[in-house]
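**Student:** After the structure tokens below, expect a handful of questions from me.
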Amino acid sequence: MAGRGYPELLDLSLTAVTRLIKRRDVSPVEVVDATLARIASVNPMLCAYISVFEEQARQVARAAEMLIMAGHDLGPLHGVPIALKDNLATKGQRTTAGSKILADWLPAQDATVASRLRRAGAVFVGKLNMHEFAWGGTSDNPHYGAVRNPWNTDRFPAGSSGGSGAAVAARACFGAIGTDTGGSIRLPSAVNGIVGLRPTYGRVSNHGIVPLAWSMDTAGPMARTVADCALMFGAFAGHDPADPASANVATHDYLSRLDDGIAGLRIGIVPGYFFHHLQPPVHAAVMAALKTLEDAGAEVVEVPIENIHGNISAQLTIESTEPSTYHQRWLRERPQDFGADVRTLLEVGEMLLATHYLQAQRYRSLLRREFLEAFKKVDLFLCPTLPFTATPVGATKVVIENGVEEEMLSAIMQYTGVPSLTGLPALAVPCGFDGDGLPVGMQLIGKPFDEATLFRVGAAYQALTGFHLKAPAI
């Protein structure tokens, strides 16, 4: 096979690398070796990986090369280096969920997402750092180190899939899997300048994934382009009888409509909420993105959502009580083994009343009905992913406007909580940078099981802009 040099190879998108491998222009061994070299180079600075599967990845890559040379194609990800957030079980390989409690856990089988990616030909190069048990938005992990943002290593990568976001942005894998409860795929995607999808609740199996809040948890792809995410998503989305919450709804060819354009599509914005309480660079970048899509033929429609302002309170209630239920035994038997921030959140969750939880679930149903009604007028919604850019590592508060400090956890969920509560799909797409060179992201929110339209709009935007082509200088 003809070869390419490192780091030139790593600057290619996942979809470009898959084409080169299938054409035998580059070997899976070369791609994996380049990725492992990049991990060795940047991980001491970023702390993005908890485990690196160096020898196993090389063995799988050699096997993938032999198969492709013999004319056998395993699938859309044949020979491509992928990394997994460390709350996805991998058979016989340490799966920590970013915790001390599971530091030595060796699962007996793969999570469904992992097994489907293996069948599609992916080569797992390692497991990614995260906020402990996915309960937090900073990825400041007390057990495995604080993950850092490759655009500025003094800044945070958001969370809880911070290792996934940092690794993809730093070219330390071609794609990654994250999990998202309150925004844990979309937030790291925004502040690391990559693309990330939170699928419709039930579209992706949660079997074999350590839960946070099971009525909102889902897994999704994180990559540098919309097309990369669409390719990965098609490899693992779909019904799974092993997951009781899995939806038996047909999937699509998520690549087939990426070039259809967006002329005539109606993009909704919620007045009085979607473009309020933002840092100025975020406001400017997302408004410019909206104008780009409008100039490309989309129609922008204001659609009021009467009860949208209660979403943060409801989300924090559900995302407090459900994790406390799951961790109840460990919290009593091994409280000292939790990080201080996570232990506090779990203790707070136990203090909430059943009436608080049930009222939050009632609100959740109301908000979903309002959005489903609104989708009669629009095809998707657009808003910022989060109202600020990356804050310093270790910060627990953030200033959004007027010099007022706010608690990070609630501020970070201002926009991502809406799809989380309603179960709607949402795609985070990079749309600019602030004055310090830190990425800004926008969020596209779609109809249930209509991830294809989100990919279509995101791809149209990336065809007109170049934000996704920029790389951090690390």
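Readers should treat all values here as calculations from the given coordinates under stated rules, not as data from a laboratory. The structure displayed is predicted, hence computed values, not measured ones. Here the Cβ positions follow ideal geometry from the backbone for every residue, glycine too, while neighbour counts run over all protein chains shown.
**Student:** Quick check on segment 422-474: of everything there that is in contact with a Phe, Trp or Tyr (Cβ under 8 Å, 6 or more places away or on another chain) and part of a helix (DSSP H, G or I), which residue is surrounded by the most Cβ atoms within 10 Å (Cβ to Cβ)?
**Tutor:** Selected residue: F455.
**Student:** One residue is enough: does segment 124-141 have a residue meeting the conditions of a type in the set (K, R) and surrounded by fewer than 24 Cβ atoms within 10 Å (Cβ to Cβ)?
**Tutor:** no
**Student:** What pairs come up if the first residue lies in segment 295-324 and is farther than 29 Å from R456 by Cβ, the second is of a type in the set (F, W, Y) and buried (at least 20 other Cβ atoms within 10 Å of the Cβ), and their beta carbons are under 7 Å apart, counting only those six or more places apart or on different chains?
**Tutor:** Once the first residue is farther than 29 Å from R456 by Cβ and sits in segment 295-324, its partners that are of a type in the set (F, W, Y) and buried (at least 20 other Cβ atoms within 10 Å of the Cβ) give P323/W135.
Each row is one residue, and each column tells you yes or no for (1) out of contact with any Ser or Thr (no Cβ under 9 Å at 6 or more places or on another chain); (2) closer than 13 Å to F274 by Cα; (3) assigned to a helix (DSSP H, G or I).
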site: K377; (1), (2), (3): yes, no, no
site: F381; (1), (2), (3): yes, yes, no
site: P387; (1), (2), (3): yes, yes, no
site: G403; (1), (2), (3): yes, no, no
site: S410; (1), (2), (3): no, no, yes
site: M413; (1), (2), (3): no, yes, no
site: S420; (1), (2), (3): no, no, yes
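**Student:** List the number of the failed condition for L197; all other conditions in (1) in contact with a His (Cβ under 9 Å, 6 or more places away or on another chain); (2) under 23 Å from A97 (Cβ atoms); (3) among the hydrophobic types (A, V, I, L, M, F, W, C) hold.
**Tutor:** Result: L197 passes all but (1).
**Student:** From (1) touching a helix residue (DSSP H, G or I) at 6+ places or on another chain (Cβ under 8 Å); (2) under 29 Å from T344 (Cβ atoms), pick out the condition that doesn't hold for T95.
**Tutor:** Looking at each condition in turn, T95 falls short on (1).
**Student:** I want to confirm something. Restricting to segment 391-421 and keeping residues that are farther than 21 Å from T181 by Cα and in contact with a His (Cβ under 8 Å, 6 or more places away or on another chain), which single residue is surrounded by the fewest Cβ atoms within 10 Å (Cβ to Cβ)?
**Tutor:** Among those that are farther than 21 Å from T181 by Cα and in contact with a His (Cβ under 8 Å, 6 or more places away or on another chain), it is E401.
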